[in-house]
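Undergrad: After the structure tokens below, expect a handful of questions from me.
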Amino acid sequence: MWIVPASSLSPSDLLSLGNNLRPPLRRKRQHPDRRANARIIAAVNRVSPAVVTITGRAATGDLVATDPFSLPATGVGSGIIFSDARGGLVLTARHVVCGAQALTVRLLDGREFPATTYGVDTLTDLAIVQLEPGAEDLPIARAGDSSALQSGQVAVAIGSPMGTYTNSVTSGVISATGRDVATEASAYPVFPN
């Protein structure tokens, strides 16, 4: 490093020196977290309209008491419209619809439709709900390829916890793939891959 007394430099030398000392202009790069947030926001905006709130009501004051996933007289859960076939099909958890005699599906835009349970799978705790005829212009969420998931990949969950917090969003990472999950409590089934 050279130190030169400013008094020994002419005004034009100082101007020239000052111009050379300026840092080069750089294009402002977006922070990686902002890029990740932008991708999550885009995914939420694309999928949220297809996320629904399902309310189930039992004909009597009690649902099937022997089912560990049974709902109270009125139960609420989330689902996602995956097809407009048969008036509209919604994927949800089996315990959301188990024992319910009447179902109502509410969309993010406020529309509500009566629905029925189309099918259930007790092993995976999944169910398909069919909207009654009359549902039009339904938002559909495209299914992804779960075989392509990798540990460490970002995952986003959108739902309506307790039916109150409509289209709540959270994100996290895939911790592992290809695992069987078993619980010690005999009331819960083993969920396969």
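None of the figures in this text is laboratory data; all of them are computed from the coordinates on show. Since we're looking at a predicted model, the values are computed, not measured. Here the Cβ positions follow ideal geometry from the backbone for every residue, glycine too, while neighbour counts run over all protein chains shown.
Undergrad: Given points 7 Å out from each Cα along the Cα-Cβ axis, report the Asp145 to Asn37 separation in nanometres with one decimal.
TA: Label at Asp145, label at Asn37, 3.2 nm between them.
Undergrad: Continuing with the same structure: Please compute the length gained on full extension between Arg57 and Glu132, using 0.36 nm multiplied by the number of residues separating them and subtracting their Cα-Cα distance.
TA: Working: separation 75, 0.36 × 75 = 27.00 nm, distance 1.61 nm.
Extra length from Arg57 to Glu132 when fully extended: 25.4 nm.
Undergrad: Mind giving me the nanometre distance, one decimal, between the label points for Val173 and Phe82, set 7 Å out from Cα along Cα→Cβ?
TA: 2.7 nm
Undergrad: A further question on this structure: Rounded to the nearest 0.05, what FRET efficiency do Arg46 and Gln101 give with R0 = 35 Å and r taken as the Cβ-Cβ distance? Could you check?
TA: Working: r = 34 Å, r/R0 = 0.97.
E(calc), rounded to 0.05, equals 0.55.
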